[in-house]
Amino acid sequence: MSNIPKDLRYTKTHEWAKKENGKIRVGITDHAQHEITDVVHVELPQVGKSVEKGASACVIESVKSAFDIYSPVSGKIAQVNDTVTNSPELVNSSPYEQGYLFVIEPSKPEEFEQLLSGEDYEQTVKNQ
Amino acid sequence: MQKTEKKLKQTPLYHEHKKLNARFVDFGGWDMPVIFTSILDEHNTVRNNCGLFDASHMGEFIVSGKNSADFLNKLTTANIPGLKTGEAKYTLFLNENGGIIDDLIVYRRENDFFVVVNAANLEKDFSWLQKHKSEGVNLENISDKTSLIAFQGPNAEKILQPLLKEDLKKLNYFNFLKPSFNFISPQFAILARTGYTGEDGFEIFVSNDSAVQIWQKLLSLGAKACGLGARDSLRLEAAMSLHGHDITENTTPIEAGLSWTIYWDKDFIGKNVIKEQKEKGPARFLKAFILETGIPRENCDIILDSKIIGKVTSGTFSPTLKKGICLGYINQKLDTGKEVKIMVHNQPRAAKVVKKPFYKRHR
(Lines give C-alpha, C1' and ligand atoms only; values in the text may rest on other atoms or scores of the structure.)
Protein backbone atom coordinates (compact mmCIF):
# COMPACT_ATOMS: atom_id res chain seq x y z
CA MET A 1 0.00 0.00 0.00
CA SER A 2 1.35 3.38 -0.91
CA ASN A 3 2.03 6.16 1.55
CA ILE A 4 -0.77 8.78 1.74
CA PRO A 5 -0.06 11.45 4.39
CA LYS A 6 -3.31 12.56 6.01
CA ASP A 7 -2.29 16.22 6.30
CA LEU A 8 -2.16 16.75 2.51
CA ARG A 9 -4.94 17.26 -0.05
CA TYR A 10 -5.15 15.33 -3.31
CA THR A 11 -6.47 15.19 -6.87
CA LYS A 12 -7.96 12.23 -8.70
CA THR A 13 -5.02 12.56 -11.09
CA HIS A 14 -2.55 11.75 -8.27
CA GLU A 15 -1.11 15.15 -7.40
CA TRP A 16 -0.83 16.29 -3.77
CA ALA A 17 -1.22 19.86 -2.51
CA LYS A 18 -0.13 21.47 0.73
CA LYS A 19 -1.10 24.94 1.96
CA GLU A 20 1.84 27.01 3.22
CA ASN A 21 1.50 30.70 4.11
CA GLY A 22 -1.29 31.16 1.60
CA LYS A 23 0.64 29.39 -1.18
CA ILE A 24 0.15 25.84 -2.43
CA ARG A 25 3.03 23.39 -2.71
CA VAL A 26 2.49 20.62 -5.31
CA GLY A 27 3.97 17.24 -6.07
CA ILE A 28 2.92 13.76 -7.16
CA THR A 29 1.82 11.03 -4.78
CA ASP A 30 3.74 7.94 -3.76
CA HIS A 31 1.22 5.90 -5.74
CA ALA A 32 1.91 8.01 -8.85
CA GLN A 33 5.69 7.74 -8.62
CA HIS A 34 5.34 3.98 -8.26
CA GLU A 35 3.15 3.79 -11.36
CA ILE A 36 5.47 6.04 -13.39
CA THR A 37 8.54 4.01 -12.24
CA ASP A 38 12.02 5.60 -12.63
CA VAL A 39 11.61 9.32 -13.15
CA VAL A 40 14.43 10.32 -15.52
CA HIS A 41 13.36 13.83 -16.48
CA VAL A 42 11.12 16.61 -15.19
CA GLU A 43 9.92 19.51 -17.37
CA LEU A 44 9.17 22.19 -14.80
CA PRO A 45 6.95 25.18 -15.59
CA GLN A 46 8.46 28.66 -15.70
CA VAL A 47 8.15 30.82 -12.64
CA GLY A 48 5.38 33.36 -13.23
CA LYS A 49 3.45 31.12 -15.61
CA SER A 50 -0.33 31.05 -15.12
CA VAL A 51 -1.83 27.65 -14.47
CA GLU A 52 -5.42 26.45 -14.50
CA LYS A 53 -6.89 23.93 -12.12
CA GLY A 54 -6.94 20.57 -13.89
CA ALA A 55 -4.71 21.70 -16.76
CA SER A 56 -1.23 20.32 -17.46
CA ALA A 57 1.42 22.31 -15.60
CA CYS A 58 4.46 20.09 -15.84
CA VAL A 59 5.66 16.87 -17.46
CA ILE A 60 7.35 13.95 -15.73
CA GLU A 61 9.10 11.35 -17.85
CA SER A 62 10.17 7.77 -17.39
CA VAL A 63 12.44 5.97 -19.86
CA LYS A 64 9.40 4.88 -21.84
CA SER A 65 6.72 7.58 -21.44
CA ALA A 66 5.80 11.16 -20.59
CA PHE A 67 3.16 11.96 -17.97
CA ASP A 68 1.27 15.24 -17.67
CA ILE A 69 1.04 16.65 -14.17
CA TYR A 70 -2.13 18.66 -13.61
CA SER A 71 -2.32 21.71 -11.42
CA PRO A 72 -4.56 21.11 -8.36
CA VAL A 73 -5.54 24.81 -8.24
CA SER A 74 -5.45 27.88 -10.50
CA GLY A 75 -2.89 30.63 -10.05
CA LYS A 76 0.68 31.59 -10.88
CA ILE A 77 3.82 29.52 -10.47
CA ALA A 78 5.64 31.19 -7.57
CA GLN A 79 8.56 28.81 -7.30
CA VAL A 80 9.85 25.58 -8.84
CA ASN A 81 11.98 22.82 -7.38
CA ASP A 82 15.12 23.05 -9.52
CA THR A 83 16.70 20.18 -7.59
CA VAL A 84 14.58 17.65 -9.48
CA THR A 85 15.97 18.91 -12.79
CA ASN A 86 19.38 17.49 -11.90
CA SER A 87 18.12 14.74 -9.59
CA PRO A 88 14.80 13.56 -11.02
CA GLU A 89 15.06 10.37 -8.95
CA LEU A 90 14.03 12.47 -5.91
CA VAL A 91 10.48 12.33 -7.25
CA ASN A 92 10.65 8.57 -6.66
CA SER A 93 12.56 8.51 -3.40
CA SER A 94 10.92 11.50 -1.71
CA PRO A 95 7.67 12.38 -3.49
CA TYR A 96 6.25 14.41 -0.58
CA GLU A 97 9.43 16.25 0.48
CA GLN A 98 12.58 16.79 -1.63
CA GLY A 99 10.80 15.60 -4.76
CA TYR A 100 8.05 18.24 -4.76
CA LEU A 101 7.54 20.03 -8.08
CA PHE A 102 6.39 23.64 -7.69
CA VAL A 103 4.62 26.21 -5.50
CA ILE A 104 1.52 28.09 -6.72
CA GLU A 105 0.28 31.53 -5.72
CA PRO A 106 -3.43 30.65 -5.92
CA SER A 107 -5.89 32.96 -7.68
CA LYS A 108 -8.95 31.09 -6.34
CA PRO A 109 -8.00 29.97 -2.81
CA GLU A 110 -11.38 28.25 -2.38
CA GLU A 111 -10.28 25.62 -4.94
CA PHE A 112 -7.94 24.13 -2.35
CA GLU A 113 -10.87 23.26 -0.11
CA GLN A 114 -12.45 21.27 -2.97
CA LEU A 115 -9.49 18.89 -3.18
CA LEU A 116 -9.71 15.32 -1.91
CA SER A 117 -8.84 14.45 1.67
CA GLY A 118 -6.31 11.68 2.36
CA GLU A 119 -9.16 9.24 3.06
CA ASP A 120 -10.96 10.14 -0.18
CA TYR A 121 -7.77 9.81 -2.17
CA GLU A 122 -7.03 6.43 -0.63
CA GLN A 123 -10.48 5.33 -1.81
CA THR A 124 -9.79 6.70 -5.29
CA VAL A 125 -6.58 4.67 -5.54
CA LYS A 126 -8.34 1.52 -4.31
CA ASN A 127 -11.10 1.91 -6.90
CA GLN A 128 -8.76 2.26 -9.85
CA MET B 1 -9.50 1.93 -16.03
CA GLN B 2 -11.36 0.13 -18.80
CA LYS B 3 -11.32 -3.62 -18.81
CA THR B 4 -10.59 -5.10 -22.19
CA GLU B 5 -12.24 -8.30 -23.32
CA LYS B 6 -9.39 -9.08 -25.66
CA LYS B 7 -7.70 -12.36 -24.92
CA LEU B 8 -3.96 -11.84 -24.99
CA LYS B 9 -1.55 -14.62 -25.87
CA GLN B 10 0.85 -15.87 -23.22
CA THR B 11 4.33 -17.27 -23.68
CA PRO B 12 5.38 -20.49 -21.87
CA LEU B 13 7.24 -18.20 -19.41
CA TYR B 14 4.19 -16.11 -18.51
CA HIS B 15 3.75 -17.67 -15.06
CA GLU B 16 7.45 -17.20 -14.32
CA HIS B 17 7.01 -13.49 -14.97
CA LYS B 18 3.93 -13.42 -12.75
CA LYS B 19 5.99 -14.97 -9.95
CA LEU B 20 8.47 -12.11 -10.28
CA ASN B 21 5.63 -9.53 -10.15
CA ALA B 22 6.39 -8.15 -13.59
CA ARG B 23 4.28 -5.40 -15.09
CA PHE B 24 2.66 -6.52 -18.31
CA VAL B 25 1.84 -4.80 -21.56
CA ASP B 26 -0.13 -5.77 -24.66
CA PHE B 27 2.56 -6.13 -27.29
CA GLY B 28 1.10 -7.14 -30.64
CA GLY B 29 -1.57 -9.26 -28.95
CA TRP B 30 0.85 -10.83 -26.45
CA ASP B 31 0.74 -10.28 -22.71
CA MET B 32 4.43 -9.48 -22.26
CA PRO B 33 6.49 -8.30 -19.27
CA VAL B 34 7.52 -4.67 -19.79
CA ILE B 35 9.20 -4.06 -16.41
CA PHE B 36 10.37 -6.47 -13.72
CA THR B 37 12.03 -4.06 -11.27
CA SER B 38 13.05 -0.90 -13.12
CA ILE B 39 13.94 -0.15 -16.73
CA LEU B 40 17.07 1.70 -15.57
CA ASP B 41 18.25 -1.25 -13.45
CA GLU B 42 17.46 -3.77 -16.15
CA HIS B 43 19.13 -1.68 -18.84
CA ASN B 44 22.29 -1.14 -16.79
CA THR B 45 22.41 -4.81 -15.81
CA VAL B 46 22.56 -5.81 -19.47
CA ARG B 47 25.32 -3.26 -20.13
CA ASN B 48 27.39 -4.34 -17.09
CA ASN B 49 26.43 -7.88 -16.19
CA CYS B 50 23.74 -9.93 -17.91
CA GLY B 51 20.00 -9.92 -18.40
CA LEU B 52 17.43 -12.46 -19.46
CA PHE B 53 14.60 -11.63 -21.86
CA ASP B 54 11.57 -13.62 -22.88
CA ALA B 55 11.21 -13.06 -26.61
CA SER B 56 9.02 -16.10 -27.22
CA HIS B 57 6.50 -13.96 -29.04
CA MET B 58 8.88 -13.77 -32.01
CA GLY B 59 8.06 -15.86 -35.06
CA GLU B 60 10.10 -18.86 -36.22
CA PHE B 61 9.83 -20.64 -39.56
CA ILE B 62 11.68 -23.55 -41.09
CA VAL B 63 12.30 -23.30 -44.81
CA SER B 64 13.44 -26.57 -46.34
CA GLY B 65 13.55 -28.39 -49.66
CA LYS B 66 16.05 -28.49 -52.49
CA ASN B 67 15.12 -25.03 -53.76
CA SER B 68 14.97 -23.34 -50.37
CA ALA B 69 18.23 -21.40 -50.79
CA ASP B 70 17.16 -19.95 -54.15
CA PHE B 71 13.73 -19.20 -52.75
CA LEU B 72 15.07 -17.22 -49.76
CA ASN B 73 17.64 -15.57 -52.00
CA LYS B 74 14.81 -14.17 -54.10
CA LEU B 75 12.82 -12.97 -51.08
CA THR B 76 15.57 -11.42 -48.98
CA THR B 77 18.35 -8.89 -49.51
CA ALA B 78 21.15 -11.23 -48.32
CA ASN B 79 23.47 -13.60 -50.16
CA ILE B 80 21.69 -16.73 -48.93
CA PRO B 81 23.62 -19.35 -50.95
CA GLY B 82 26.80 -17.78 -49.56
CA LEU B 83 25.79 -18.62 -45.98
CA LYS B 84 27.63 -21.57 -44.48
CA THR B 85 26.06 -24.03 -42.08
CA GLY B 86 26.14 -22.48 -38.61
CA GLU B 87 26.07 -18.90 -39.90
CA ALA B 88 23.28 -16.39 -39.42
CA LYS B 89 22.49 -13.21 -41.34
CA TYR B 90 20.38 -10.13 -40.61
CA THR B 91 18.30 -9.37 -43.69
CA LEU B 92 15.03 -7.92 -45.01
CA PHE B 93 11.90 -8.99 -46.87
CA LEU B 94 11.07 -6.23 -49.39
CA ASN B 95 7.87 -5.67 -51.33
CA GLU B 96 7.84 -4.81 -55.06
CA ASN B 97 8.27 -1.11 -54.20
CA GLY B 98 11.35 -1.77 -52.13
CA GLY B 99 9.42 -1.18 -48.88
CA ILE B 100 10.46 -3.26 -45.89
CA ILE B 101 7.88 -5.96 -45.09
CA ASP B 102 9.96 -7.08 -42.13
CA ASP B 103 13.50 -7.48 -40.87
CA LEU B 104 14.62 -10.95 -39.92
CA ILE B 105 17.51 -13.27 -39.24
CA VAL B 106 18.18 -16.31 -41.41
CA TYR B 107 20.13 -19.16 -39.81
CA ARG B 108 21.58 -21.74 -42.19
CA ARG B 109 21.36 -25.24 -40.77
CA GLU B 110 22.75 -28.38 -42.37
CA ASN B 111 19.59 -29.27 -44.28
CA ASP B 112 17.34 -26.24 -44.00
CA PHE B 113 16.99 -22.61 -42.96
CA PHE B 114 15.68 -21.33 -39.64
CA VAL B 115 14.05 -17.92 -40.06
CA VAL B 116 13.21 -15.54 -37.18
CA VAL B 117 10.75 -12.69 -37.76
CA ASN B 118 8.99 -10.03 -35.69
CA ALA B 119 5.95 -11.13 -33.67
CA ALA B 120 3.73 -8.39 -35.09
CA ASN B 121 4.52 -9.44 -38.67
CA LEU B 122 4.52 -13.18 -38.25
CA GLU B 123 1.32 -13.98 -40.14
CA LYS B 124 1.93 -11.41 -42.84
CA ASP B 125 5.44 -12.79 -43.38
CA PHE B 126 4.30 -16.39 -43.54
CA SER B 127 1.62 -15.51 -46.12
CA TRP B 128 4.22 -13.63 -48.14
CA LEU B 129 6.47 -16.70 -48.15
CA GLN B 130 3.56 -18.99 -49.05
CA LYS B 131 2.53 -16.70 -51.88
CA HIS B 132 5.98 -16.91 -53.48
CA LYS B 133 6.67 -20.52 -52.65
CA SER B 134 7.83 -22.58 -55.60
CA GLU B 135 8.33 -26.27 -56.17
CA GLY B 136 11.00 -27.85 -53.99
CA VAL B 137 10.30 -25.51 -51.07
CA ASN B 138 8.64 -26.50 -47.80
CA LEU B 139 7.48 -23.98 -45.22
CA GLU B 140 6.76 -24.70 -41.60
CA ASN B 141 5.67 -22.19 -38.99
CA ILE B 142 7.01 -23.45 -35.64
CA SER B 143 6.31 -20.23 -33.70
CA ASP B 144 3.67 -21.79 -31.46
CA LYS B 145 5.97 -24.52 -30.24
CA THR B 146 9.18 -22.49 -30.01
CA SER B 147 10.33 -20.24 -27.18
CA LEU B 148 13.10 -17.68 -27.37
CA ILE B 149 15.18 -16.69 -24.37
CA ALA B 150 17.67 -13.91 -25.00
CA PHE B 151 20.60 -13.89 -22.60
CA GLN B 152 22.50 -10.65 -23.07
CA GLY B 153 25.41 -8.86 -21.44
CA PRO B 154 29.19 -9.00 -20.96
CA ASN B 155 28.91 -11.82 -18.38
CA ALA B 156 26.52 -13.99 -20.40
CA GLU B 157 29.25 -16.28 -21.76
CA LYS B 158 30.78 -16.85 -18.32
CA ILE B 159 27.43 -17.92 -16.87
CA LEU B 160 26.31 -20.01 -19.82
CA GLN B 161 29.56 -21.90 -20.46
CA PRO B 162 29.41 -24.35 -17.50
CA LEU B 163 25.96 -25.48 -18.68
CA LEU B 164 27.20 -26.55 -22.10
CA LYS B 165 29.46 -29.12 -23.73
CA GLU B 166 30.40 -26.76 -26.57
CA ASP B 167 33.15 -24.15 -26.21
CA LEU B 168 31.51 -20.73 -26.44
CA LYS B 169 34.86 -19.07 -27.11
CA LYS B 170 34.66 -20.66 -30.55
CA LEU B 171 31.16 -19.38 -31.24
CA ASN B 172 31.53 -16.09 -33.11
CA TYR B 173 29.05 -13.24 -33.43
CA PHE B 174 26.18 -14.21 -35.76
CA ASN B 175 27.11 -17.87 -35.59
CA PHE B 176 25.03 -20.59 -33.96
CA LEU B 177 25.09 -24.23 -32.95
CA LYS B 178 22.89 -27.00 -31.64
CA PRO B 179 23.64 -26.85 -27.92
CA SER B 180 24.21 -29.85 -25.63
CA PHE B 181 23.07 -28.65 -22.20
CA ASN B 182 24.17 -30.69 -19.19
CA PHE B 183 20.88 -30.24 -17.30
CA ILE B 184 18.25 -30.62 -20.00
CA SER B 185 17.79 -32.14 -23.45
CA PRO B 186 15.30 -30.05 -25.39
CA GLN B 187 13.66 -31.66 -28.35
CA PHE B 188 14.59 -28.62 -30.41
CA ALA B 189 17.35 -26.13 -29.60
CA ILE B 190 19.44 -23.48 -31.32
CA LEU B 191 21.99 -21.36 -29.52
CA ALA B 192 23.02 -18.26 -31.44
CA ARG B 193 25.44 -15.47 -30.63
CA THR B 194 22.96 -12.81 -31.68
CA GLY B 195 20.84 -10.23 -29.91
CA TYR B 196 18.98 -6.96 -29.90
CA THR B 197 20.85 -5.03 -27.22
CA GLY B 198 24.21 -3.98 -28.67
CA GLU B 199 25.88 -6.19 -26.08
CA ASP B 200 27.56 -9.57 -26.35
CA GLY B 201 25.08 -12.34 -25.69
CA PHE B 202 23.05 -15.26 -26.89
CA GLU B 203 19.63 -16.15 -28.15
CA ILE B 204 18.38 -19.56 -27.15
CA PHE B 205 15.55 -21.02 -29.23
CA VAL B 206 14.00 -24.09 -27.61
CA SER B 207 10.87 -26.20 -27.73
CA ASN B 208 8.29 -24.73 -25.35
CA ASP B 209 8.48 -27.49 -22.74
CA SER B 210 12.13 -26.68 -22.00
CA ALA B 211 11.77 -22.91 -21.68
CA VAL B 212 10.87 -22.70 -17.98
CA GLN B 213 13.78 -24.91 -16.90
CA ILE B 214 16.35 -22.92 -18.88
CA TRP B 215 14.88 -19.60 -17.68
CA GLN B 216 15.00 -20.71 -14.04
CA LYS B 217 18.51 -22.10 -14.37
CA LEU B 218 19.92 -18.86 -15.78
CA LEU B 219 18.10 -16.78 -13.15
CA SER B 220 19.51 -18.99 -10.39
CA LEU B 221 23.02 -18.39 -11.77
CA GLY B 222 22.73 -14.61 -11.47
CA ALA B 223 20.99 -13.38 -14.61
CA LYS B 224 18.40 -10.66 -14.07
CA ALA B 225 14.98 -10.83 -15.70
CA CYS B 226 14.47 -7.89 -18.06
CA GLY B 227 11.34 -6.64 -19.79
CA LEU B 228 10.43 -5.13 -23.13
CA GLY B 229 11.05 -1.64 -21.71
CA ALA B 230 14.76 -2.26 -21.33
CA ARG B 231 14.82 -4.21 -24.58
CA ASP B 232 13.64 -1.05 -26.36
CA SER B 233 16.07 1.37 -24.68
CA LEU B 234 18.95 -1.07 -25.27
CA ARG B 235 18.20 -1.58 -28.96
CA LEU B 236 17.73 2.14 -29.51
CA GLU B 237 21.12 2.95 -27.93
CA ALA B 238 22.54 0.38 -30.35
CA ALA B 239 20.56 2.18 -33.13
CA MET B 240 18.91 -1.05 -34.21
CA SER B 241 15.74 -0.45 -36.20
CA LEU B 242 12.32 -1.44 -34.88
CA HIS B 243 9.93 -2.56 -37.59
CA GLY B 244 6.64 -0.68 -37.56
CA HIS B 245 8.47 2.43 -36.35
CA ASP B 246 11.93 3.09 -37.86
CA ILE B 247 11.32 0.82 -40.81
CA THR B 248 7.96 0.05 -42.44
CA GLU B 249 6.50 -1.11 -45.74
CA ASN B 250 6.74 2.52 -46.85
CA THR B 251 10.43 2.96 -46.16
CA THR B 252 13.26 1.36 -48.11
CA PRO B 253 16.59 0.01 -46.90
CA ILE B 254 18.34 2.87 -48.74
CA GLU B 255 16.35 5.45 -46.77
CA ALA B 256 16.77 3.51 -43.53
CA GLY B 257 20.56 3.26 -43.80
CA LEU B 258 20.35 -0.49 -44.25
CA SER B 259 22.17 -0.66 -47.61
CA TRP B 260 24.82 -2.77 -45.87
CA THR B 261 22.31 -5.64 -45.72
CA ILE B 262 21.96 -5.72 -49.51
CA TYR B 263 23.81 -8.17 -51.69
CA TRP B 264 23.48 -6.56 -55.12
CA ASP B 265 24.90 -9.37 -57.22
CA LYS B 266 21.62 -11.26 -57.40
CA ASP B 267 17.97 -10.78 -58.28
CA PHE B 268 15.47 -10.20 -55.46
CA ILE B 269 12.01 -8.70 -54.99
CA GLY B 270 12.19 -4.91 -54.82
CA LYS B 271 15.68 -4.71 -56.31
CA ASN B 272 14.89 -2.49 -59.30
CA VAL B 273 13.26 0.23 -57.20
CA ILE B 274 15.95 0.41 -54.57
CA LYS B 275 18.75 0.16 -57.13
CA GLU B 276 17.40 3.25 -58.82
CA GLN B 277 16.98 4.94 -55.45
CA LYS B 278 20.56 4.14 -54.55
CA GLU B 279 21.81 5.65 -57.81
CA LYS B 280 19.68 8.80 -57.66
CA GLY B 281 19.87 9.16 -53.89
CA PRO B 282 16.87 8.74 -51.60
CA ALA B 283 14.45 11.54 -50.70
CA ARG B 284 14.79 10.91 -46.98
CA PHE B 285 17.35 9.61 -44.56
CA LEU B 286 17.02 7.86 -41.20
CA LYS B 287 19.37 9.73 -38.88
CA ALA B 288 20.32 9.59 -35.22
CA PHE B 289 20.01 12.60 -32.90
CA ILE B 290 21.08 13.47 -29.36
CA LEU B 291 19.28 16.24 -27.47
CA GLU B 292 20.75 18.75 -25.03
CA THR B 293 17.68 18.47 -22.79
CA GLY B 294 14.31 16.81 -23.06
CA ILE B 295 13.27 13.38 -24.25
CA PRO B 296 12.12 13.00 -27.86
CA ARG B 297 9.28 10.60 -28.62
CA GLU B 298 7.80 9.08 -31.77
CA ASN B 299 6.23 11.69 -34.13
CA CYS B 300 8.08 14.72 -32.69
CA ASP B 301 8.93 17.17 -35.49
CA ILE B 302 12.54 17.72 -36.53
CA ILE B 303 13.23 21.36 -37.45
CA LEU B 304 15.96 23.09 -39.44
CA ASP B 305 15.87 26.85 -40.09
CA SER B 306 12.26 27.03 -38.80
CA LYS B 307 11.12 24.39 -41.29
CA ILE B 308 9.94 20.89 -40.49
CA ILE B 309 12.40 18.54 -42.18
CA GLY B 310 11.30 15.29 -40.61
CA LYS B 311 9.80 13.27 -37.80
CA VAL B 312 11.09 11.12 -34.98
CA THR B 313 10.36 7.39 -35.40
CA SER B 314 11.76 6.14 -32.07
CA GLY B 315 12.88 8.15 -29.06
CA THR B 316 13.85 7.47 -25.49
CA PHE B 317 15.94 8.54 -22.55
CA SER B 318 19.32 6.86 -22.92
CA PRO B 319 20.31 5.39 -19.54
CA THR B 320 23.92 5.12 -20.72
CA LEU B 321 24.30 8.67 -22.11
CA LYS B 322 21.76 10.17 -19.68
CA LYS B 323 20.27 12.21 -22.52
CA GLY B 324 17.33 12.05 -24.86
CA ILE B 325 18.14 10.15 -28.07
CA CYS B 326 16.12 9.36 -31.17
CA LEU B 327 16.01 8.10 -34.72
CA GLY B 328 14.02 9.98 -37.33
CA TYR B 329 13.65 10.51 -41.06
CA ILE B 330 14.73 13.86 -42.51
CA ASN B 331 14.24 15.08 -46.08
CA GLN B 332 17.85 16.11 -46.67
CA LYS B 333 21.38 14.96 -46.09
CA LEU B 334 22.85 16.45 -42.91
CA ASP B 335 26.40 15.93 -41.73
CA THR B 336 27.27 14.52 -38.34
CA GLY B 337 27.43 17.36 -35.82
CA LYS B 338 24.82 19.46 -37.62
CA GLU B 339 22.53 21.22 -35.17
CA VAL B 340 18.76 20.94 -35.52
CA LYS B 341 15.78 21.45 -33.24
CA ILE B 342 13.37 18.76 -32.15
CA MET B 343 9.92 19.74 -30.89
CA VAL B 344 9.35 18.21 -27.45
CA HIS B 345 6.21 19.20 -25.53
CA ASN B 346 5.68 22.00 -28.08
CA GLN B 347 9.07 23.55 -27.47
CA PRO B 348 12.07 23.45 -29.81
CA ARG B 349 14.98 21.63 -28.18
CA ALA B 350 18.59 21.75 -29.35
CA ALA B 351 19.69 18.48 -30.95
CA LYS B 352 22.64 17.25 -32.94
CA VAL B 353 23.00 14.72 -35.75
CA VAL B 354 25.26 11.93 -34.50
CA LYS B 355 26.80 8.86 -36.04
CA LYS B 356 24.97 5.58 -35.39
CA PRO B 357 25.04 3.79 -32.98
CA PHE B 358 24.63 5.88 -29.84
CA TYR B 359 26.36 3.18 -27.86
CA LYS B 360 29.04 0.73 -28.93
CA ARG B 361 30.39 -1.92 -26.61
CA HIS B 362 34.12 -2.34 -25.98
CA ARG B 363 35.35 -5.52 -27.58
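I'd like to check something: does the stretch A:32-45 contain any residue that is within 14 Å of chain B (Cβ to nearest Cβ) and of a type in the set (Gly, Ala, Ser)?
The first filter runs over the stretch A:32-45 and keeps only residues within 14 Å of chain B (Cβ to nearest Cβ), leaving A:33-45.
Adding the requirement that they be of a type in the set (Gly, Ala, Ser) leaves none.
No, there is no match, as no residue in the stretch A:32-45 is within 14 Å of chain B (Cβ to nearest Cβ) and of a type in the set (Gly, Ala, Ser).
Among the residues of the stretch B:107-117, how many are touching a helix residue (DSSP H, G or I) at 6+ places or on another chain (Cβ under 8 Å) and surrounded by fewer than 23 Cβ atoms within 10 Å (Cβ to Cβ)? Full working, then the answer.
Initial filter on the stretch B:107-117 (touching a helix residue (DSSP H, G or I) at 6+ places or on another chain (Cβ under 8 Å)): B:112-113, B:115, B:117.
Still in the list and also surrounded by fewer than 23 Cβ atoms within 10 Å (Cβ to Cβ): B:112-113.
Result for the stretch B:107-117: 2.
Would you mind stating whether B:ALA256 is in contact with a Gly (Cβ under 6 Å, 6 or more places away or on another chain), of a type outside the set (Asp, Glu), under 25 Å from A:LYS64 (Cβ atoms) and at pLDDT 95 or above? Talk me through it step by step, then tell me what you get.
Values: in contact with a Gly (Cβ under 6 Å, 6 or more places away or on another chain): no; of a type outside the set (Asp, Glu): yes; under 25 Å from A:LYS64 (Cβ atoms): yes; at pLDDT 95 or above: yes.
No: the conditions fail for B:ALA256.
Hey, any hits in the stretch B:236-244 for a residue that's assigned to a helix (DSSP H, G or I) and under 25 Å from B:TRP30 (Cβ atoms)? Break it down into steps so the answer makes sense when it comes.
Kept after step one, since they are assigned to a helix (DSSP H, G or I), are these residues of the stretch B:236-244: B:236-237.
Narrowing further to those that are under 25 Å from B:TRP30 (Cβ atoms): B:236-237.
Looking through the stretch B:236-244, at least one residue is assigned to a helix (DSSP H, G or I) and under 25 Å from B:TRP30 (Cβ atoms).
Being more than 14 Å from chain A (Cβ to nearest Cβ) and either surrounded by fewer than 16 Cβ atoms within 10 Å (Cβ to Cβ) or of a type in the set (S, T, N, Q) (or both) is the filter here, so list the residues in the stretch B:11-25 that pass it. Steps first, please.
Our first condition is that a residue be more than 14 Å from chain A (Cβ to nearest Cβ); within the stretch B:11-25, this holds for B:11-20.
B:THR11, B:HIS15, B:LYS18, B:LYS19, B:LEU20, listed by residue number.
Restrict the check to the stretch B:276-290 and report whether at least one residue is out of contact with any Leu (no Cβ under 9 Å at 6 or more places or on another chain) and buried (at least 23 other Cβ atoms within 10 Å of the Cβ). Steps first, answer last, please.
Of the residues in the stretch B:276-290, the ones out of contact with any Leu (no Cβ under 9 Å at 6 or more places or on another chain) are B:276-284.
Among the residues that remain, those that are also buried (at least 23 other Cβ atoms within 10 Å of the Cβ) are: none.
There is no residue in the stretch B:276-290 that is out of contact with any Leu (no Cβ under 9 Å at 6 or more places or on another chain) and buried (at least 23 other Cβ atoms within 10 Å of the Cβ).
Does the stretch B:44-60 contain at least one residue that is among the hydroxyl-bearing types (Ser, Thr, Tyr), within 14 Å of chain A (Cβ to nearest Cβ) and surrounded by 19 or more Cβ atoms within 10 Å (Cβ to Cβ)? I'd like the intermediate steps shown before the answer.
Step one: filter the stretch B:44-60 for residues among the hydroxyl-bearing types (Ser, Thr, Tyr), giving B:45, B:56.
Among the residues that remain, those that are also within 14 Å of chain A (Cβ to nearest Cβ) are: B:45.
When the remaining residues are screened for being surrounded by 19 or more Cβ atoms within 10 Å (Cβ to Cβ), the result is B:45.
Scanning the stretch B:44-60, I find at least one residue that is among the hydroxyl-bearing types (Ser, Thr, Tyr), within 14 Å of chain A (Cβ to nearest Cβ) and surrounded by 19 or more Cβ atoms within 10 Å (Cβ to Cβ), so the answer is yes.
Does A:VAL63 satisfy the condition of being farther than 25 Å from A:GLU119 by Cα, touching a residue at least 40 places away in the same chain (Cβ under 8 Å), more than 10 Å from the chain's Cα centre (by Cα) and within 14 Å of chain B (Cβ to nearest Cβ)? Give the derivation first.
Values: farther than 25 Å from A:GLU119 by Cα: yes; touching a residue at least 40 places away in the same chain (Cβ under 8 Å): no; more than 10 Å from the chain's Cα centre (by Cα): yes; within 14 Å of chain B (Cβ to nearest Cβ): yes.
Answer is no for this residue.
Looking at (1) away from chain B (no Cβ under 14 Å); (2) of a type outside the set (Val, Ile, Thr); (3) under 23 Å from A:ILE4 (Cα atoms); (4) outside any loop (DSSP other than H, G, I, E, B), which is the only condition A:PRO95 fails?
Here A:PRO95 clears every test but (4).
If B:THR85 satisfies all but one of (1) of a type in the set (Val, Ile, Thr); (2) in contact with a Phe, Trp or Tyr (Cβ under 9 Å, 6 or more places away or on another chain); (3) outside the structural domain of B:SER233 (by TED's automatic domain parsing), what's the number of the condition it fails?
Every condition holds for B:THR85 apart from (2).
Any residue in the stretch A:6-29 that is polar (S, T, N, Q) sitting within a Cβ distance under 6 Å of a residue that is part of a strand (DSSP E or B)? List the pairs, counting only those 6 or more apart or interchain.
Short answer, once both residue conditions are applied: A:THR13/A:TYR70; A:THR29/A:TRP16.
Somewhere in the stretch A:43-59, is a residue surrounded by 18 or more Cβ atoms within 10 Å (Cβ to Cβ), of a type outside the set (Gly, Ala, Ser) and within 10 Å of the chain's Cα centre (by Cα)?
Yes, some residue in the stretch A:43-59 is surrounded by 18 or more Cβ atoms within 10 Å (Cβ to Cβ), of a type outside the set (Gly, Ala, Ser) and within 10 Å of the chain's Cα centre (by Cα).
For A:ASP82, only one of the following conditions fails: (1) away from chain B (no Cβ under 14 Å); (2) among the charged types (D, E, K, R); (3) under 19 Å from B:GLN347 (Cβ atoms). What is its number?
(1)
Name, by its number, the condition in (1) in a loop (DSSP other than H, G, I, E, B); (2) surrounded by 21 or more Cβ atoms within 10 Å (Cβ to Cβ) that does not hold for B:PHE93.
It fails just one condition, (1).
The values are calculated or read from the model by the stated rules, or taken from the named source; none is laboratory data. Just so you know, these numbers come straight off a predicted model, no measurement behind them. All Cβ positions, glycine included, derive from the backbone under ideal geometry; neighbour counts span all protein chains shown.
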